[in-house]
Amino acid sequence: MSLCFISMGLSDEKDLSLRAIELAKDCDLLFVEFYTNKMNTTKEKLEQVIGRDIKILTRKEVEESNLLIKEAKDKKVGLLVGGDALCATTHLALKCEAEKNGIETIVIHGSSIFSAVAETGLHIYKFGQAVTIPFLEKLKNELPISVYEKVKENKKMGLHTLMLLDIVEEEKKYMNVREACEILLKLENKMQQKVFTKDTEIIVFARAGSNDSQLFYGKFDKAINSSFGEPPFCIILPGSLHFTEKECLEMFRNDKR
């Protein structure tokens, strides 16, 4: 019948829109995945808000099996996703696959880190390609050169770079700011170019969308030695700054809120 992509927003179950709750209640089967976004909620809390049983899906069940496609052929199936459901390419691919199989798809959009970064004062249209800084063990301890190249290209064009920090939800493992900065500095040393140095000014955005979000603007060496509390985190490398962007950034230079 149909496959519904239901965005949960950035922080917790309270970010669900009325439209999202209404659609979730109307599904025959309801699933949730927590591996693409770190949210401060649980399956039980979602079930309480929605009033329906929910099954957690692993990355493998979403990406490598046809479970959702099979079920959606004769049922109305809902998949709850943190942030905005279509910001992750895996969900976009799933949507296309469903449509190829003649399955109707429905999308409820939600708040996302890609829009929340405007809280920093940076202009949204000046962001270049976003990157994810991966745990090195995923790459057999090889440095992610492609990440460096994308950031360098953004900087060359004067664009800001949003850097998402890796998570391994199955192990409850979330990259912190110090780990990410160390990887970036290792990349700098390997590439022997001038993209990241200890004097480079960056933005750290912790727990975007929550009541205890934090914004930091300052040098790498200060960020790498600071604690930003609980995850999730993202790092932004500013490109060329408009004077209004500079004014906003100065409001939280070397500060946290």
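The values are calculated or read from the model by the stated rules, or taken from the named source; none is laboratory data. Since the structure is predicted, the reported quantities are computational estimates derived from the model, not experimental observations. Counting neighbours? That spans all protein chains shown, and the Cβs are built from the backbone with ideal geometry, glycine included.
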Quiz item: Within segment 156-173, can you find the residues that are buried (at least 16 other Cβ atoms within 10 Å of the Cβ) and at pLDDT below 95?
Solution: Ile167, Glu169
Self-check item: Selection count where residues are under 30 Å from Ala24 (Cβ atoms) and either in contact (Cβ under 8 Å) with a residue 60 or more places away in the chain or in the same structural domain as Tyr35 (by TED's automatic domain parsing) (or both), scope segment 116-146
Solution: 3
Practice problem: Evaluate the following for Thr105: is it assigned to a helix (DSSP H, G or I), surrounded by fewer than 22 Cβ atoms within 10 Å (Cβ to Cβ) and assigned by TED's automatic domain parsing to the domain that holds Leu46? | Solution: no
Quiz prompt | Candidates Pro232, Pro238, filtered to the one that is crowded, with 16+ Cβ neighbours inside 10 Å, in contact with a helix residue (DSSP H, G or I) (Cβ under 8 Å, 6 or more places away or on another chain) and in contact (Cβ under 8 Å) with a residue 60 or more places away in the chain | solution = Pro238
Practice problem: Could you grab me the full set of residues in segment 120-131 that are of a type in the set (Phe, Trp, Tyr) and either outside any strand (DSSP E or B) or surrounded by fewer than 16 Cβ atoms within 10 Å (Cβ to Cβ) (or both)? | Solution: Tyr125
Quiz prompt | Selection from segment 220-229 of residues that are in contact (Cβ under 8 Å) with a residue 24 or more places away in the chain and either in contact with a strand residue (DSSP E or B) (Cβ under 9 Å, 6 or more places away or on another chain) or of a type outside the set (A, V, I, L, M, F, W, C) (or both) | solution = Phe220, Lys222, Ala223, Asn225, Ser226, Phe228
Quiz item: Out of Glu22, Glu63, Glu13, which single residue is free of Cβ contacts under 8 Å to residues at least 40 places away in the same chain, under 22 Å from the mean Cα position of the chain (by Cα) and over 12 Å from Leu80 (Cβ atoms)?
Solution: Glu63
Quiz item: Could you list, in sequence order, the residues of segment 75-98 that are farther than 15 Å from Glu61 by Cβ, assigned to a strand (DSSP E or B) and under 18 Å from the mean Cα position of the chain (by Cα)?
Solution: Gly83
Self-check item: Where Val117 falls short, out of the listed (1) at pLDDT 95 or above; (2) within 22 Å of the chain's Cα centre (by Cα); (3) within 15 Å of Glu33 (Cβ to Cβ); (4) not in a loop (DSSP other than H, G, I, E, B)
Solution: (3)
